[in-house]
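The values are calculated or read from the model by the stated rules, or taken from the named source; none is laboratory data. Keep in mind it's a predicted model, so treat the numbers as computed, not measured. Don't worry about glycine lacking a Cβ; one is built from the backbone with ideal geometry, like all the others, and counts go over all protein chains shown. Quick note on the areas: whole protein, heavy atoms, side chains included, nothing else; ligands and nucleic acids left out. Shrake-Rupley method; radii C 1.70, N 1.55, O 1.52, S 1.80 Å.
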Amino acid sequence: MKRTLIIFIAILMTLFAGITLLKNCSSKISPEISISEKTTDEKEKIQQFWQFYRQATQYRLSGKMANAAKAYGKALEFNEMHEDALYYLGNVYLELGEVENAEKTWERLIEINPYSARAHFQLGDLYISFENEKVFNIDAAETEYLRAHEINKEETGSTLRLGYVALLRGDLLEAKRYFNAVIGSNYKSVEAYFLNGYVAWKRGNPKSALTLFKTAGKYLHPELPVQGVLGEGDTKKGLSFSLSDSSKHQILFDNFIRDLSKMNEINFAPQIDSLYEKLDGFLIKIREKI
């Protein structure tokens, strides 16, 4: 019994000595100086990244796109996986007309984060740009919009764009289904009402077309609140649809919404045929390129 106890104590002492030796060795292998140097180096990279990123943002917001592209590129040298930097660099390339660089940048973002709905959405918009023959591809656009919708079903933007694709293909019933889905989630969607009005007009239902056309105009020019008090959903400018002229890149139907905004909202009836006839001709020309 005593012999067993002595052996047990000896084993415990050996284990304790071994642990102490390992601690001493590990402290010599990883000195505090090397950890400090690595931390300093990484801090410097982070500071450099944010310096160029903020600079790029300022350039982008002030419309200096060439400078913004260079600054975003420098920022990405210090953090090549930063999603916002890649996203905005793609936008800047698009503004510069460098569509292939924009495409590669958003594809890189998707490699890093396959669930980036905004990158898929931007690629969809790129592929639906009929004026850019190098990238125009409605099948690819549909694929990207469907992926964006799968990732974020709460956003109606991709659903609206899928309606675009259906219109380009001449599938009026499918387009109507998508536009109705948008209106169901966002009852103030000017584009959904306007394009649904075109579908009704094209299918020979002028009464429904006029109702939808008027509704689009209503939400494009919402009534001003009494005594200037804004209600929920109102905007200070009185417009529920953005008509920014700052971007050189226009989406398919932007110009038609602009035409709608210039029309006399008191009497839409005489104006509906002219605008929808113009839209019809526009769609026919694009279908020739598909």
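Some values worked out for this structure:
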item: Contacts under 6 angstrom Cβ, first residue in segment 272-284 being touching a residue at least 12 places away in the same chain (Cβ under 8 Å) and in a helix (DSSP H, G or I), partner open to solvent by 20 Å² or more (accessible area, probe 1.4 Å) and of a type in the set (Phe, Trp, Tyr), 6 or more apart; result: Tyr276/Trp201
item: Filter result for the condition that a residue is assigned to a helix (DSSP H, G or I), over 30 Å from Met81 (Cβ atoms), of a type outside the set (Phe, Trp, Tyr) and open to solvent by less than 30 Å² (accessible area, probe 1.4 Å), over Ala119, Ala141, Ala181, Ala200; result: Ala200
item: Some residue of segment 62-70 being surrounded by 16 or more Cβ atoms within 10 Å (Cβ to Cβ) and not in a helix (DSSP H, G or I); result: no
item: Residues of segment 88-112 satisfying the condition of being within 22 Å of Lys45 (Cα to Cα) and either hydrophobic (A, V, I, L, M, F, W, C) or surrounded by fewer than 19 Cβ atoms within 10 Å (Cβ to Cβ) (or both); result: Leu89, Arg108, Leu109, Ile112
item: Checking Lys218 against (1) modelled with pLDDT of 95 or more; (2) part of a helix (DSSP H, G or I); (3) closer than 20 Å to Tyr276 by Cβ, the condition it does not meet; result: (1)
